[in-house]
Amino acid sequence: MYQAKRAIIMAAGKGERMHPVTEHTPKPLVPVRGRRMIDTIITALRQHGITEIYVVVGYLKEQFQKLPEEYPGLTLIENPDYDRANNISSLYYARAHLEDTVILDGDQIILDPEILAPAFNRSGYCCRWTEEPTAEWLLTVEDGVVTRCSRTGGEKGWELHSVSFWSAEDGKKLRKHLEREYEAGNRQIYWDDVALFCYPAEYRLGVRSIETGSLVEIDSFEELCAIDPEYRTKKTS
């Protein structure tokens, strides 16, 4: 078994699909039902003893400045390329901390803290099994190992969520591959592309099964309103 000792939270993006809410507030700091999204992540991590936390910031970065005071052990990392590169840039600037690490997007709500339990037996992603058609990234798994990823979704597969665990060995590989791609100018891809599409033969990733409702990923203003109807009232008032 491996053990996650630290966490990287990706929080640098503009969150344009969440306008007008994110015009003046970074997406991870948007309150949902009275609580900021990033607080649900940090609280769940700390519940499992993970206090070494790195938050990668970019858009409206000054609004994150109080987080290290609120959560001892938390460090901010600036991504100066957040507005001209995809999210591979955020992980590139946090690449010194990839060993024994859990990586999460900051724009989600953790409802079941147990999905962040630090023990894991194979590097890989939190995923939900679906029989139904989905447009989300979908993994095919054989004998416990990911053999294929579809960016366009499908059915009867493992729907990928933006929580992943990385052993020290795989974290070292991921750092090397991130550096190779980013420094070669391949900056418009997702960081997940590195292991799943650029170098899939060099990893033997698995999945951590999670249940529907364990976490909520909010990608748009409409999804935000569906979870917290007060935002609909604010927009029309």
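Relative to one another, the C-alpha centroids of region 70-117 and region 167-207 are positioned 15 Å apart.
Here's the picture: a label point sits 7 Å out from the Cα of VAL145 along the beta-carbon direction, and within region 154-182 the residues with their amide nitrogen under 16 Å of it are 170.
Extending 7 Å from the Cα toward the beta-carbon at both LEU76 and ARG187 defines two label points whose distance is 2.2 nm. Potential lengthening of the chain between GLU99 and HIS48 amounts to 16.6 nm, from the contour at 0.36 nm per residue minus the alpha-carbon distance.
Among SER89, SER123, SER150, which one shows the highest mean-square fluctuation when the chain is modelled as a Gaussian network with alpha-carbon springs under 10 Å? With Cα springs under 10 Å in the chain, the top fluctuation among SER89, SER123, SER150 is at SER150. Given +1 at the Cβ of Lys and Arg, -1 at the Cβ of Asp and Glu and no other charges, the dipole of the chain around its Cα centre is 380 debye to the nearest 20. Our analysis of region 2-236 gives Rg over Rh at 0.94, with the two radii drawn from alpha carbon positions and Rh computed by the Kirkwood formula.
Relative contact order, whole percent, for the chain stands at 25, derived from Cα pairs under 8 Å and 6 or more residues apart.
Between GLU217 and ARG204, the simple spin-label model (points 7 angstrom out along Cα→Cβ) gives 2.7 nm. For region 60-137, GluC sites (Glu not before Pro) are listed when DSSP marks them as loop and at most 13 other Cβ atoms sit within 10 Å of their Cβ; the list is GLU131. Summing charges over neighbours of LEU74, with a neighbour being any other residue whose Cβ is under 13 Å away from its Cβ, gives -1 when K and R count +1 and D and E count -1.
What does a probe at GLU169 reach in region 116-132, counting residues whose amide N is under 16 Å from the point 7 Å along Cα→Cβ? Flagged as within label range: 120-124.
Each reported figure results from applying straightforward, stated rules to the coordinates on display, with no laboratory input. What you are looking at is a predicted structure, and each value in this text was computed from that prediction instead of being measured. Here Cβ is always computed from backbone atoms with ideal geometry, including for glycine, and neighbour counts include all displayed protein chains.
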